[in-house]
Amino acid sequence: MFVYLVGTVIFLCIIHILLNYNEKARMIRKLPGPRDDFIVGNGLTVIRSAVETMKIGREFAAQFDGIFRVWIYPFGAVFIYNPQDVEIIMSSMKYGDKSMIYTFLKPWLRDGLLVSNGEKWQTRRKILTPAFHFNILKQFCEIIDENSERFLEALNQTAGKPIDVVPVLSEFTLNSICETAMGTQLSDDNNAARSYKQAIYDIGSVFFDRFVRIYLYPDFIFNLSPLGRRQTKCLKVVHSFTENVIEQRREYIEKNGININEQIEADDDDSYVYKKKKKTAMLDLLLSAQKEGHIDKIGVQEEVDTFMFEGHDTTASGLTYCFMLLANHKKIQDKIIQELDEIFGDEDRPIKMEDLAKMKYLECCIKESLRLYPPVHFISRHLNEDTVLSNYTIPAGSLCHILILDLHYRSDLFKNPTEFDPDRFLPENSVGRHPYAYIPFSAGPRNCIGQKFAMMEMKIAVARVLRKFYLSPVTRPCDITFTADLVLRNDGPVLVNFIKRKDVTEMWLYFGVVAVLLGVLDLLLNYNARARMIKKLPGPKDDFIVGNAFRIICDPVELMKLARTFAKKWKGIYRIWVYPFSAVVIYNPEDIELIMSSMKYGGKSMIYKILQPWLQDGLLLSKGVKWQERRKILTPAFHFNILRQFSVIIEENTHRLIDQLKQTSGQPVDVGPILSEFTLNSICETAMGTQLNEHSTAKTYKKAVYDLGNIFYHRFIKIYLYPQFIFNATSIARRQNKAVKTVHSFTEKVIRQRREYVKEHGFDMFNQNVDDNEVYVYKKKKKTAMLDLLLSAEQEGLIDKTGVQEEVDTFMFEGHDTTASGLTFLFMLLANYPEIQDKVVNELNDIFGDSQRWACMEDLPKMKYLDRCIKESLRMYPPVHFISRKLNEETVLSNHTVPARTLCHIPIYDLHHREDLFPNPEVFDPDRFLPENSEGRHPYAYIPFSAGPRNCIGQKFALLEMKIAVAAVLREFELKPVTKQSDIVFLTDLVLRNNGPVLVNFVKRNR
């Protein structure tokens, strides 16, 4: 078997050498080109889809400089796209023969002018040249103009709607070539014409598929393939159509005779053109030449097939891209219209030959369009002898492909080649340009015989359309994806919107009125007295009418980033304006002290109303007399003696937390959910005086709290959702109602359970004992549960049932979610700063030694370094990172007068990260809070629990809970980092949250 394999390898190597290292191969492969594959050369490189083939052609043209080669035995092909080489090939008949790939078109065009070579080509060219003489084109001008009228009627039916211009223009150009060169009109029933055009598209597709597959080059193989059968079917349609055109004209001549220079009269019902005009239709010339024996019947068919294809498909392609470009370049379109207005004025008359000569700017536009999108983007010649191109010797027998598209995109010939710039073709800008740099109609002796006809047809069509319609863009140049074909085509429709010029005038008038109204509206909204006052403050750029609305409508992560960006850009104060709301954002301690140090600005801003369905008039949201009464009722619940009782309960709960962490077996754990459960249990067992028995219910409650925070964010940034009646109609409102129902159900159950207990046992606020088997806390301890205070106040008529619910909802949320957030970031920081963690552990060892006892209230004041760590963590990651007040009168902040009724937002996070208050603010440095380092610090520079009269009532409870939890955990575990500070990405919410888990590894300590 090994011998067999070796023999096979040797045989294949010999084949490879014979195919790819013969004399011709070695010569052609001296040129730059794509990498050759074993045996097949570049065969696999070129077998691609039609779209991919066009892409790789452009890639090769960009990679190589003006010339590259492809080798697939036995064919060598050189691709040229520099004007010097192009001139060598095209400037004489020495290389006039078309390459062998045009033989693929022979079943269709046979020996027509496009495909024929040598003497036959010269004879046919001589016969057909008079058909495009200036005097003949002059007659054609009127016919094409009349045909343009029918084209405009078709556009009228779709005016104002995007239309694929390809089929419409193809129909126009096919009718034009038939009525001019062929001297006959197509019938109104154009099914045959549609079949003909579709068959041409199919033939182009077949040509490409055969071109890239060398094994289909032999006719006998191709004819047996599905592609061969498809081509035969298409040729039948095409030839049938052109035979019918010829036969109709032949019958007409037999009936009426023909005299090339004689004027022919025709009846009104005659379907043939040139009525009462001198005429020399191209087909008439051919039929005359046939009579004189210069061409046979087959020859007539060949030329008609050639001109029917080239005379309509290429011009349709050119017009397609020209209309697309003009639609996308309004200024250029307007310049053409200005030129047309100078020619025609207000007259709606036909276009004459004399008018076309005056359309100089339009001609520049057409030329530039043909540069960017040459309909015939690729031609090929046969090199019948060794030829030097770009200093490379190309072997005889090679195919020479001329990439017109890439020639036209050379930046050394056309500056900024992808830009549509008609001024390139002004006479002064064309001086010195190589004569073979621009060849949309080929060049040299074999240039396009019908180029003047095509330019005339394009001028008439564009001028006619632009006099009636304004072109609006739909398909843009960046949407164009070329597909390989005989003619340059887009892989999909090319859409343009044709808007009637009368409609455009009315539209501009309408837009003008709307613009004036919008301008007045902008003045009313954004330049009233209040707006002018607030906009004297620094702030983001205002948008027309909407102010800063669009600046703040972004996702929760981006909004937090934007707020940090604004805080860095402005120093201590900036403003936001979205009519009718003005907001000032302050984060310097002097301004904050002014706002927070008294009850003058004690009213919460209107954004807190978003929370009212949930927290109603609880302590967080209430104001005035109600707030003062509630604060007075609840303050005793957090007295030092009460906290002493709470410490034992929190310690017990902490050991359940430790048991839970032990189950993680040293694996990374997301501390957020675990700490949230811990703090929820703690607030229930202390302030609410009851234990949670159903884990699933608590989990549902926490999820609902997260949802409410997300809903708060969405409503906060979308000002149109502020009115309650609009919000209530949205899906967000329905989601809020569902979450509020869950939250209230949970807290109602907590209240109900405690109420039932109090009803059965009564309560004594100072010395009540209960049995050991009771599920309620404070067993055999003095107690004053916050909920008991509320229920007692309810009995005394100081608060009603709804008020009890409001305060329980408020404290259940604030008492667990904020503390959980603070602990989450603290654990993450301690894990990432092992030296600080070690100092905390050393402090704990000094307090507890080897004792396994729980922490008591007397131990907590000794934890001075841990206290500083907690403070520093709350500086870096304040759980309540943002509070808002209402300015009920004009207020001076940072020397700026802020109007009354402005919202005053205080971003505590940005205050805590001010470099002038806390050097290196991103560094975790607990020693900032040593007494000597805190001296002289502004009292409102650090406010994690708010400040002033409305400071957090439960801050001592929160610090107590955090100290007990951290101390207990660090005595049991070493914290290892997983989530780093750099991984934290904030999410806009009521409480500071990371957009993802916060992972810490808890590794059991060896005692």
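A compact table of results
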{"item": "Residue that is farthest from Phe646 (Cα to Cα) [pool: residues in the stretch 842-859 that are out of contact with any Ser or Thr (no Cβ under 8 Å at 6 or more places or on another chain) and buried (at least 16 other Cβ atoms within 10 Å of the Cβ)]", "result": "Glu843"}
{"item": "Any hit, the stretch 694-702, residues being among the aliphatic types (A, V, I, L, M), in a helix (DSSP H, G or I) and free of Cβ contacts under 8 Å to residues at least 60 places away in the same chain", "result": "yes"}
{"item": "Failed item in (1) in a loop (DSSP other than H, G, I, E, B); (2) within 35 Å of the chain's Cα centre (by Cα), with Arg349 passing the rest", "result": "(2)"}
{"item": "Which numbered condition Phe378 misses (of (1) in contact (Cβ under 8 Å) with a residue 40 or more places away in the chain; (2) buried (at least 16 other Cβ atoms within 10 Å of the Cβ); (3) under 43 Å from the mean Cα position of the chain (by Cα))", "result": "(1)"}
{"item": "Subset tally (residues that are small (Gly, Ala, Ser) and either assigned by TED's automatic domain parsing to the domain that holds Leu488 or out of contact with any Gly (no Cβ under 9 Å at 6 or more places or on another chain) (or both)) for the stretch 375-396", "result": "2"}
{"item": "Test for Leu235: is it in contact (Cβ under 8 Å) with a residue 40 or more places away in the chain and of a type outside the set (S, T, N, Q)", "result": "yes"}
{"item": "Among the candidates Ile460, Ile404, residue that is among the β-branched types (Val, Ile, Thr), within 30 Å of Gly76 (Cα to Cα) and in contact (Cβ under 8 Å) with a residue 12 or more places away in the chain", "result": "Ile404"}
{"item": "Helices (runs of 4 or more DSSP H) (entirely within the stretch 31-117) containing at least 1 residues that are of a type in the set (D, E, K, R)", "result": "50-63, 83-90, 106-109"}
{"item": "From the options Gln805, Gln837, residue that is in contact with an Asp or Glu (Cβ under 8 Å, 6 or more places away or on another chain) and modelled with pLDDT of 95 or more", "result": "Gln837"}
{"item": "Subset of the stretch 715-726 that is under 18 Å from Leu615 (Cα atoms) and assigned to a helix (DSSP H, G or I) - its residue that is modelled with the lowest pLDDT", "result": "Phe716"}
{"item": "Residues of the stretch 884-905 classified as in contact with a Ser or Thr (Cβ under 6 Å, 6 or more places away or on another chain) and among the aliphatic types (A, V, I, L, M), total", "result": "3"}
{"item": "Any hit, the stretch 922-945, residues being part of a strand (DSSP E or B) and surrounded by fewer than 22 Cβ atoms within 10 Å (Cβ to Cβ)", "result": "no"}
{"item": "Lone qualifier among Asp491, Asp485 - being among the acidic types (Asp, Glu), on the phi < 0 side of the Ramachandran plot and in contact with a strand residue (DSSP E or B) (Cβ under 6 Å, 6 or more places away or on another chain)", "result": "Asp491"}
{"item": "Yes/no for Arg901 being crowded, with 17+ Cβ neighbours inside 10 Å, over 24 Å from Ser982 (Cβ atoms) and modelled with pLDDT under 95", "result": "no"}
{"item": "Condition check for Leu999: out of contact with any His (no Cβ under 6 Å at 6 or more places or on another chain), under 30 Å from Arg630 (Cα atoms), modelled with pLDDT of 95 or more and in the same structural domain as Phe712 (by TED's automatic domain parsing)", "result": "no"}
{"item": "Residue ID - nearest to Phe827 (Cα to Cα), chosen from residues in the stretch 950-985 that are polar (S, T, N, Q) and assigned to a helix (DSSP H, G or I)", "result": "Gln981"}
{"item": "Single unsatisfied condition, Ala357 versus (1) under 27 Å from Glu59 (Cα atoms); (2) among the small types (Gly, Ala, Ser); (3) surrounded by fewer than 19 Cβ atoms within 10 Å (Cβ to Cβ)", "result": "(1)"}
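This table checks each residue for (1) crowded, with 23+ Cβ neighbours inside 10 Å; (2) in contact with a Leu (Cβ under 8 Å, 6 or more places away or on another chain); (3) assigned to a helix (DSSP H, G or I); (4) not aromatic (Phe, Trp, Tyr).
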position	(1), (2), (3), (4)
Asn175	no, yes, yes, yes
Leu186	no, yes, no, yes
Ser205	no, no, yes, yes
Arg210	no, yes, yes, yes
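The values are calculated or read from the model by the stated rules, or taken from the named source; none is laboratory data. Everything numeric here is computed off the predicted structure, so don't read it as measured data. Here Cβ is always computed from backbone atoms with ideal geometry, including for glycine, and neighbour counts include all displayed protein chains.
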